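Colleague: I am attaching a structure below and will ask some questions about it afterwards.
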Amino acid sequence: VGPRALDAIPRAGLGHWPTPLEPCPRLSDELGVEVWVKREDCSGLGLGGNKVRKLDFLLGSATAGDVVITFGALQSNHARQTAAACARLGLECHLILSPVVPRHDELYTTSGNVLVDRLLGAHLHVTDDPVRTFEQVAAALEGRTTWVIPAGGSDASGALGYVAAAEEWTRQSREMGAEPTVVVVASSTGGTQAGTLVGLKRVSARARVIGVGVYQSPEATCEAVATLAAGAAAELGIGPPAPSAIEVTGEFLGEGYGIPTPEMVKALALFARTEGLVLDPVYSGKAAAALVALARRGDLASERVLFIHTGGAPGLFAYGPGVVDGGG
Ligand SMILES: *Cc1c(COP(=O)(O)O)cnc(C)c1O
């Protein structure tokens, strides 16, 4: 079996693509490094974000009346985008949400993504024991056609969304004469980085990809990226990316998933005040903190950097004023 075209794989048609690829002149001046941004926050559906790309493939064969069950943290962007995809496709949506971030106040438990999940008509199951809750929910839905989507939409099929994205921005950047030499992207369940590596390989783009770990240890993230990249490559009938291409830094995680760092808060303000870009406190804000630190250290001198804005801004409203530098 030879290479398989991405277009041969069914897709649900969920997003606004291509998303914009934009220069960031004021941010570039500030950092002394040429920075571009890929606006994956503008993917359109349900306030946008990177999961729309994955769901486009994950739900490519779903039909109205089917059921979807997926998993996430309470303020999961993936859960919100899944709820939106279900609304759009006429699917019944069950979200199994765990309080993995140590925040139990009213803002965190009712605003941000949770508010939008409810607006979109999803069934929310908040639980400390997602495995047991899944068994109960699945049992109650017996007999229905059910799509079980892993956390973050990260399996081989979901990662294909970022194969498509990486091919898209490579095409755009080549048309603009501005192909990136470095890509900076937040990495949590790893599907976004995995798909990116496979996509870049397919179009012979040689950019270095820096995954910024925001969830688990860099070792665990690397392992997840390797497994997902191998799976996505196999779906497309090509070999996996070289192990040496998988790079994840754990330096910007701070105390853990969803816990703000001072560098993240500063980076949110810098992106907002130089370019009008609204990032999020859990993922893209920590990736931005990495970009700022690497640039200021001189590690990106003479590179053309592409920052992937993966979305997530609805999460800001659950975090509140503490993530605004000088906001208090
Ligand atoms: C899910 C998410 C990510 C990370 O994507 P993975 O494929 O899970 O690594 C990055 N940014 C935002 C805003 C997200 O919601």
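The values are calculated or read from the model by the stated rules, or taken from the named source; none is laboratory data. Since this is a predicted model, take the numbers as computed values, not measurements. Heads up, the Cβs are rebuilt from the backbone with ideal geometry, glycines too, and the neighbour counts pull from every protein chain shown. Heavy atoms of the whole protein, side chains included, go into the accessibility calculation; ligands, DNA and RNA do not. Shrake-Rupley method; radii C 1.70, N 1.55, O 1.52, S 1.80 Å.
Colleague: Starting from region 106-130, take each residue that is among the small types (Gly, Ala, Ser) and list its partners that are outside any loop (DSSP other than H, G, I, E, B) and surrounded by fewer than 20 Cβ atoms within 10 Å (Cβ to Cβ), counting only C-beta distances under 7 angstrom and pairs at least six apart or across chains.
Modeller: That search, which allows pairs on different chains as well, returns 111/317; 112/317; 121/87.
Colleague: I've got another one for you. List, please: which pairs have Cβ atoms under 6 Å, are six or more places apart or on different chains, and start with a residue in region 247-270 that is on the phi < 0 side of the Ramachandran plot and end with one that is surrounded by 18 or more Cβ atoms within 10 Å (Cβ to Cβ) and of a type in the set (D, E, K, R)?
Modeller: Close Cβ pairs satisfying both conditions: 252/286; 264/286.
Colleague: How about region 1-106: which helices (runs of 4 or more DSSP H) wholly inside it have at least 1 residues that are modelled with pLDDT of 95 or more, buried (at least 23 other Cβ atoms within 10 Å of the Cβ) and within 14 Å of the ligand (Cβ to nearest atom)?
Modeller: Because the criterion is at least 1 residues that are modelled with pLDDT of 95 or more, buried (at least 23 other Cβ atoms within 10 Å of the Cβ) and within 14 Å of the ligand (Cβ to nearest atom), the helices (runs of 4 or more DSSP H) in region 1-106 that meet it are 51-58, 77-89.
Colleague: Please determine, by comparing only the residues of region 130-175 that are farther than 18 Å from residue 57 by Cβ and within 24 Å of the chain's Cα centre (by Cα), which one is nearest to the ligand (Cβ to nearest atom).
Modeller: For region 130-175, the residue satisfying everything is 130.
Colleague: While we're looking at this one, here's another question. Take residue 173 and decide whether it is buried (at least 18 other Cβ atoms within 10 Å of the Cβ) and touching a Leu at 6+ places or on another chain (Cβ under 9 Å).
Modeller: Against the criterion (buried (at least 18 other Cβ atoms within 10 Å of the Cβ) and touching a Leu at 6+ places or on another chain (Cβ under 9 Å)), residue 173 qualifies.
Colleague: Give the residue, chosen from 297, 304, that is basic (Lys, Arg) and buried (at least 16 other Cβ atoms within 10 Å of the Cβ).
Modeller: Matching residue, one of 297, 304: 304.
Colleague: Could you please let me know if residue 189 is of a type outside the set (A, V, I, L, M), within 13 Å of the ligand (Cβ to nearest atom), out of contact with any strand residue (DSSP E or B) (no Cβ under 9 Å at 6 or more places or on another chain) and at pLDDT 95 or above?
Modeller: yes
Colleague: Still on this model: Out of all the residues in region 295-328, which are away from the ligand (no atom under 16 Å from the Cβ), within 18 Å of residue 265 (Cβ to Cβ) and not β-branched (Val, Ile, Thr)?
Modeller: Correct list: 295, 296, 320, 321, 322, 325, 326, 327, 328.
Colleague: Would you mind finding the one in 98, 76, 154 that is within 27 Å of residue 226 (Cα to Cα) and in contact with an Asp or Glu (Cβ under 8 Å, 6 or more places away or on another chain)?
Modeller: Sole residue among the options that is within 27 Å of residue 226 (Cα to Cα) and in contact with an Asp or Glu (Cβ under 8 Å, 6 or more places away or on another chain): 98.
Colleague: Which one is nearest to residue 16 (Cα to Cα) among residues in region 257-294 that are of a type in the set (Gly, Ala, Ser) and either open to solvent by 20 Å² or more (accessible area, probe 1.4 Å) or more than 16 Å from the ligand (Cβ to nearest atom) (or both)?
Modeller: Among those residues, the one meeting the criterion is 276.
Colleague: Looking only at region 192-223, which residues are more than 12 Å from the ligand (Cβ to nearest atom), crowded, with 24+ Cβ neighbours inside 10 Å and of a type outside the set (A, V, I, L, M, F, W, C)?
Modeller: Listed by number, the list holds a single entry, 199.
Colleague: Residues 298, 239, 213: which one is of a type outside the set (Lys, Arg) and either in contact with a strand residue (DSSP E or B) (Cβ under 9 Å, 6 or more places away or on another chain) or in contact (Cβ under 8 Å) with a residue 12 or more places away in the chain (or both)?
Modeller: Testing whether each residue is of a type outside the set (Lys, Arg) and either in contact with a strand residue (DSSP E or B) (Cβ under 9 Å, 6 or more places away or on another chain) or in contact (Cβ under 8 Å) with a residue 12 or more places away in the chain (or both) leaves just 213.
Colleague: Go through region 224-248 and count every residue that is among the polar types (S, T, N, Q) and either open to solvent by less than 30 Å² (accessible area, probe 1.4 Å) or within 13 Å of the ligand (Cβ to nearest atom) (or both).
Modeller: Residues in region 224-248 being among the polar types (S, T, N, Q) and either open to solvent by less than 30 Å² (accessible area, probe 1.4 Å) or within 13 Å of the ligand (Cβ to nearest atom) (or both): 1 in total.
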